Amino acid sequence: MSDAERVNGAGYVTVRVPAKVNVQLSVGGLRADGFHGLANVFLAVGLHDEVTASPADGLQLTAEGADASQVPLDESNLAARAARLLARRHGRTPGVRLHIAKDIPVAGGMAGGSADAAGALLACDTLWGTRTPREELLAMCAELGSDVPFSLVGGAALGRGRGELLTPLETGGTFHWVFAVADGGLSTPAVYRECDRLREAEGGGATVETVPEPEASEDLLAALRSGDARALAGALSNDLQAAAVSLRPSLADTLKTGEAAGALAALVSGSGPTCAFLTGDAGSARDVAAALQASGHCRTARTTTGPAPGATVVRTG
């Protein structure tokens, strides 16, 4: 039993939560409330964080893993906010120690912080025996952030609104991915601002009056249903990619390297800076990862598959 699980005999709950890639991210115009409408097709992939909840006198937060030094251990952490929100909803004190074992890249456009929030909600709800209805948990996820509901649900889903209004999607097979993890992060608000700036610079405007309402691609949804990797490769899109590359031009070299190594398609994951490469099979994924690792264009390259389940209790004691 690890230190994360040893709780002086008092019990613990460990929840595994997946990373995500946006296989389509269509961004509408800037709204009066400062947000953008989205047609956001999420696919959960098999890179995971684990969140362990155990009894404590107050709210405590610890982290381990390759990027643990970048995880905030204060009130700004979404997992801590999730525990406080659930405790407040049930009229109890947030007496819990949350230990986050990080494997999802931090600030990489793969919703690692959102995953931790969803994991904390499910872990605390299980530990405390509060039996919150699924619909209420999803509403709390949406209150915490736009990507948090999908981290709870997993699989594949279309997100509307700010991305939090989910419709589950059918998938017909396993897709093989490589993720090139960059050094440092990109600010999501900064990437959206740059997207607006680029749209204005092109003369088309950036507001809801000038940008069409985003819609999910029927070709992409059909490719997900059929499990056809080549069809999916032809339908991948990310309206934030140009903005992410504008803010970090080196991402263009990363994308070209993966494509030259045999990836079926390459795109920036969400707001970046992680780049995602869809491949035809596990062998191709290994070749693309090796080329990316040797190129020096990224900190590391990871292979995995999708879809993956959402937040899941994996250990209790």
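Summary of computed values
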{"quantity": "Residue in the stretch 86-93 that is within 26 Å of ARG302 (Cβ to Cβ), out of contact with any helix residue (DSSP H, G or I) (no Cβ under 8 Å at 6 or more places or on another chain) and either hydrophobic (A, V, I, L, M, F, W, C) or outside any loop (DSSP other than H, G, I, E, B) (or both) present", "calculated": "no"}
{"quantity": "Candidates THR312, THR274, THR254 - the one that is in contact with a strand residue (DSSP E or B) (Cβ under 8 Å, 6 or more places away or on another chain), over 28 Å from ALA190 (Cβ atoms) and among the hydroxyl-bearing types (Ser, Thr, Tyr)", "calculated": "THR312"}
{"quantity": "Residues of the stretch 194-225 classified as among the β-branched types (Val, Ile, Thr) and surrounded by fewer than 15 Cβ atoms within 10 Å (Cβ to Cβ), total", "calculated": "1"}
{"quantity": "Considering residues of the stretch 7-45 that are touching a Lys or Arg at 6+ places or on another chain (Cβ under 7 Å) and modelled with pLDDT of 95 or more only, the residue surrounded by the fewest Cβ atoms within 10 Å (Cβ to Cβ)", "calculated": "THR14"}
{"quantity": "Conditions (1) under 24 Å from ARG160 (Cβ atoms); (2) in a helix (DSSP H, G or I); number of the one not met by GLY205", "calculated": "(2)"}
{"quantity": "Those residues of the stretch 261-301 which are without any contact (Cβ under 8 Å) to a residue 24 or more places away in the chain and either hydroxyl-bearing (Ser, Thr, Tyr) or in contact with a helix residue (DSSP H, G or I) (Cβ under 7 Å, 6 or more places away or on another chain) (or both), in sequence order", "calculated": "ALA266"}
{"quantity": "Residue within the stretch 105-120 that is of a type outside the set (Gly, Ala, Ser) and surrounded by fewer than 18 Cβ atoms within 10 Å (Cβ to Cβ) present", "calculated": "no"}
{"quantity": "One residue from LEU152, LEU122 being outside the structural domain of ASP287 (by TED's automatic domain parsing), closer than 30 Å to ALA87 by Cα, among the aliphatic types (A, V, I, L, M) and touching a strand residue (DSSP E or B) at 6+ places or on another chain (Cβ under 6 Å)", "calculated": "LEU122"}
{"quantity": "Positions within the stretch 233-265 being surrounded by fewer than 23 Cβ atoms within 10 Å (Cβ to Cβ), under 25 Å from TYR192 (Cβ atoms) and hydrophobic (A, V, I, L, M, F, W, C), in sequence order", "calculated": "ALA235, LEU236, ALA242, VAL245, LEU247, ALA252, LEU255, ALA265"}
{"quantity": "Within the stretch 106-120, tally of residues that are part of a helix (DSSP H, G or I), touching a residue at least 40 places away in the same chain (Cβ under 8 Å) and more than 8 Å from the chain's Cα centre (by Cα)", "calculated": "4"}
{"quantity": "Residue in the stretch 63-76 that is modelled with pLDDT of 95 or more and surrounded by fewer than 19 Cβ atoms within 10 Å (Cβ to Cβ) present", "calculated": "yes"}
{"quantity": "Selection from the stretch 143-170 of residues that are buried (at least 19 other Cβ atoms within 10 Å of the Cβ), modelled with pLDDT of 95 or more and more than 16 Å from ALA311 (Cβ to Cβ)", "calculated": "LEU158, LEU169"}
{"quantity": "Count - residues of the stretch 267-287 that are crowded, with 20+ Cβ neighbours inside 10 Å and more than 10 Å from ALA180 (Cα to Cα)", "calculated": "8"}
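The values are calculated or read from the model by the stated rules, or taken from the named source; none is laboratory data. This is a predicted model, so every value here is computed, not measured. No Cβ is skipped: glycine too gets one built from the backbone with ideal geometry, and neighbour counts run over all protein chains shown.
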